[in-house]
């Protein structure tokens, strides 16, 4: 909170700006404790009330952000602080005006209008695109076909741009109406255009013109002549352009101030295939792919509920990317949906390439090593999480879908845990927990024991370690770092190496970390085992992003252990837990439901039996806590719940 | 002596940090007591550290 | 009425129980078993139980006054509303000074333990500095952070103490616990009263009052945490005295390490003292962090600061410097035995009782006070 002066004066009295890092060192930064949104404060009941007032229009951005902001005021973190404003001295506020990014198109339009008359011919010739861009766009679709055509040519920079196809034709009424079909080559299914747009309009339509006025022609085409299954009538030019770019075919009829966007999407994409990073033995084997609609369809095909809602948004001012927010109405906390939409809608970028980028824009603490968003390529996992009360975010053609909020424990779960029987699911999870600790701490433990606490290992083993280290001329930390670096190198090279020469990496890797290094006396054989187990353990962490975090933290623990042994590890571990315990993911503490302790089905450290998974996780504050009846096996006395929970129906 | 000076960097940093906090409180028109307490705390921690570090490092 | 400082962290009962249990039980790993052995000989294990019983009684008395007459207020707010701002500030400064002294002492003891056991060649300046830095970092996260950290690490502490007692079972000599009353009943009772100096739960609980999810839970938190920590410490001392005879305890400044060194359950379960480093380091860190937070919080509410965090670096610096003040650990133990233990309970139990009692006498009869 205390802000030092942003400027100091140098010897000549000029103002010199103090670097940000130095300011931060001397000012109180409370981001660790402040959160822009807390789900616990936003109770499902109040949220339901809001929902009852009617669904918010997709473009009511301001009102959505206002409601969320007022909700967040519980935790005394105002929206302005969330946006990065800091309470500052008057001077600082005066001297550093807030600069908000301007959408590229608006910026170009501003530039155009500010220098419309005196624009030099040089500029115009150099940047014809910028010169003729948004400024030249009509607001509405013109009624006159010639004007439409001219506007399209300006908008899409024809004739240089060869992807845009303009097909002029006559609708087969007597006398014919001039019409125009516009689409992007490569994005559309041409056979659909031929058989469902051009053929019916040109060959199969023989009507009298006395059907109405000129401006109503488009209605006739829409209602009687065009058999496309998804047709949208658009009168805003901007919508028309977006529609064409999304793979629709625009049909314009002379005399009508509107256009029809006919759904003709048919671009090339990978077919639904096997998951690349989340394979299972028992369970579905399909994964998301590079097709937005195929992805939403995959989830919907698994979760056939009328309450499954997909809200669409677009992000990107220069080139828009579709973003879908999917949730189950009646289960999810509406405050969570509003917050997700608020965060997505506040992104102002030219282009949003992937879900990996969106994740960084919307997560609570993007600098943290622990992911706060769960990215998965498994539709079954998304379907399951939606039914728990999470919100799923689909981004453009990204084959990874995000589920929020994500708690730490769900990062160690896999879909398979649920598909095998509970004892095996629990066994898998125990293995994974051990793997997590081994991946994080095993090399650090080895260093501590070898350097600081040799007395804790039995004498024989200690002698064996000492004997194996006898030939090695380096300190342990150097040995470990060398081997860790080799492993990281193999890992990175294994991903980047062209698949044709892929097997090489195995041979080279085995040579480096295997016999050769030991025989050369560079590392000790026991260390090779330690490093190999660590590497295996880190591959057993199911979440890729968490694996990254563990890899980085491992080096911090190595350093602490090499300097202070177990003492250093203990200190760092405590600090890490403290940091994690205040982190949040979309308003949910990331260590929930353990710290803070919250109600949840037995699905945290271990996997409970399916018939005991009665309740949804309470940290999601869902509208409906129960996901199955308390007694799901009424015919079995053995698995009947004890008296306290023994209600036969859901409350 | 060199050790003492090196060690005093930390109390000095804490002094500046806490004193800046006091200054900020003054600017925010917090009660006089608040800013005074911040300055007092800053001075106290610095003075105590200085005395004890002096004894620790110069004997 | 003093304003609540910054965000009102809302912490659940289970986390609070964990944090206060760790807070008091961590004395098992510091100098308390030595003190208990010295004061009561064979009856050393009774001291924590007696202290726990007295503290629970005191806490329930204070809690009854707060719950009936001053709901939702902490002890400093009560002092301020009933006796004026000056008294409120005075009470806060007393508590801060007491916490500061406790923290500095615990910090020095802890650093000495680290240096004498696991890092003999590292300067205490560095060892202590790192511990204080980490404690500062944890305290910076606020009560929520501390409480959740303590809750996660609590099972480690529990398993640690119990395993330490159980794994030394083949060295136990139950006969060494006799005579039952050691140095005699008066000495035991007096020692029990003095041991209350360590049960800071009472004064801390009256401070975290506004932070509880549900203030009604706080009574349970207080009773459970005091009882549990007393039992744990008592268990530890009992095991310790069955392994090492009581008359020898004055010579052992760090019983946990001594006990852990004795573990020998087959060739592969031996010399586990290094593993217990995690146990006592985490417990001590939690203790230091809670004290730092409490000092910062009380100071902030007494001085009407908007946040407790800016005070933390200075408080940590003070703790560190004061901890380094005694030239040797002998002086620390002397202060502990002669000043801290015999008189600490007056501040620890006496002050909350006095404030609550006087407030009840003055304002309580008028059915409490109206506050915003």
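The values are calculated or read from the model by the stated rules, or taken from the named source; none is laboratory data. Please read all numbers here as calculations on a predicted model, not as lab measurements. Note that each Cβ is placed from the backbone with ideal geometry, even for glycine, and that neighbours are counted across all protein chains shown.
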Task: Single residue of the range A:443-468 satisfying the filter (within 19 Å of residue A:483 (Cα to Cα) and surrounded by fewer than 18 Cβ atoms within 10 Å (Cβ to Cβ)) that is nearest to the other protein chains (Cβ to nearest Cβ) - done: A:451
- [ ] Scan C:223, C:265, C:290 and give me the residue that is crowded, with 24+ Cβ neighbours inside 10 Å and touching a residue at least 60 places away in the same chain (Cβ under 8 Å).
- [x] C:290
TODO: Scan the range A:250-282 residue by residue and report those that are in a loop (DSSP other than H, G, I, E, B) and over 30 Å from residue A:424 (Cβ atoms).
DONE: A:254, A:255, A:256, A:257, A:258, A:264, A:266, A:267, A:268, A:269, A:270, A:271
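Do any helices (runs of 4 or more DSSP H) entirely within the range C:67-158 hold 3 or more residues that are over 19 Å from residue C:352 (Cβ atoms) and within 11 Å of chain A (Cβ to nearest Cβ), and if so, which?
C:85-117, C:124-140
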- [ ] Confirm whether residue C:97 is under 22 Å from residue C:335 (Cβ atoms), surrounded by fewer than 17 Cβ atoms within 10 Å (Cβ to Cβ) and at pLDDT 90 or above.
- [x] yes
TODO: For the range C:311-332, enumerate the residues that are closer than 18 Å to residue A:26 by Cβ and either part of a loop (DSSP other than H, G, I, E, B) or without any contact (Cβ under 8 Å) to a residue 24 or more places away in the chain (or both).
DONE: C:311, C:314, C:317
Task: Filtered residue count, the range A:563-587, keeping only those that are more than 16 Å from residue C:152 (Cα to Cα) and either within 13 Å of another protein chain (Cβ to nearest Cβ) or in contact with a strand residue (DSSP E or B) (Cβ under 9 Å, 6 or more places away or on another chain) (or both) - done: 10
Task: Given (1) crowded, with 20+ Cβ neighbours inside 10 Å; (2) over 21 Å from the mean Cα position of the chain (by Cα); (3) more than 14 Å from chain B (Cβ to nearest Cβ); (4) within 30 Å of residue B:58 (Cβ to Cβ), index of the condition residue C:314 fails - done: (3)
TODO: Please state which one of A:439, A:403 is surrounded by 16 or more Cβ atoms within 10 Å (Cβ to Cβ) and closer than 21 Å to residue A:551 by Cα.
DONE: A:439
Task: Qualifying residue in the range C:189-207 (condition: surrounded by fewer than 22 Cβ atoms within 10 Å (Cβ to Cβ) and more than 20 Å from residue C:23 (Cα to Cα)) - done: yes
TODO: Scan (1) over 24 Å from residue C:92 (Cα atoms); (2) touching a strand residue (DSSP E or B) at 6+ places or on another chain (Cβ under 7 Å) for the single condition residue C:218 breaks and write down its number.
DONE: (1)
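One line per residue, one yes/no per condition, for (1) touching a helix residue (DSSP H, G or I) at 6+ places or on another chain (Cβ under 7 Å); (2) modelled with pLDDT under 90; (3) within 8 Å of another protein chain (Cβ to nearest Cβ):
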{"site": "B:1", "(1), (2), (3)": "no, yes, no"}
{"site": "B:19", "(1), (2), (3)": "yes, no, no"}
{"site": "B:25", "(1), (2), (3)": "yes, yes, yes"}
{"site": "B:29", "(1), (2), (3)": "no, yes, no"}
{"site": "B:32", "(1), (2), (3)": "no, yes, no"}
{"site": "B:35", "(1), (2), (3)": "yes, yes, no"}
{"site": "B:40", "(1), (2), (3)": "no, no, no"}
{"site": "B:52", "(1), (2), (3)": "yes, no, yes"}
Open item on the list: Quick check on the range B:31-49. Is at least one of its residues closer than 21 Å to residue C:303 by Cβ, free of Cβ contacts under 8 Å to residues at least 60 places away in the same chain and not in a helix (DSSP H, G or I)?
Closed with: yes
TODO: Check whether at least one residue in the range C:171-182 is in a helix (DSSP H, G or I) and within 14 Å of chain A (Cβ to nearest Cβ), and report yes or no.
DONE: no
Open item on the list: So if I check each of A:365, A:372, which one is assigned to a loop (DSSP other than H, G, I, E, B) and either crowded, with 21+ Cβ neighbours inside 10 Å or without any contact (Cβ under 8 Å) to a residue 24 or more places away in the chain (or both)?
Closed with: A:372
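Which residue, of A:641, A:622, is in a loop (DSSP other than H, G, I, E, B), modelled with pLDDT of 90 or more and away from every other protein chain (no Cβ under 14 Å)? Talk me through it step by step, then tell me what you get.
On the way: A:641 fails: modelled with pLDDT of 90 or more.
Matching residue, one of A:641, A:622: A:622.
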Open item on the list: Just to be sure I understand, how many residues within the range A:284-333 are surrounded by 19 or more Cβ atoms within 10 Å (Cβ to Cβ), at positive phi and in contact (Cβ under 8 Å) with a residue 60 or more places away in the chain?
Closed with: 0
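Being buried (at least 20 other Cβ atoms within 10 Å of the Cβ) and not in a strand (DSSP E or B) is true for just one of A:340, A:349. Which residue is that?
Testing whether each residue is buried (at least 20 other Cβ atoms within 10 Å of the Cβ) and not in a strand (DSSP E or B) leaves just A:340.
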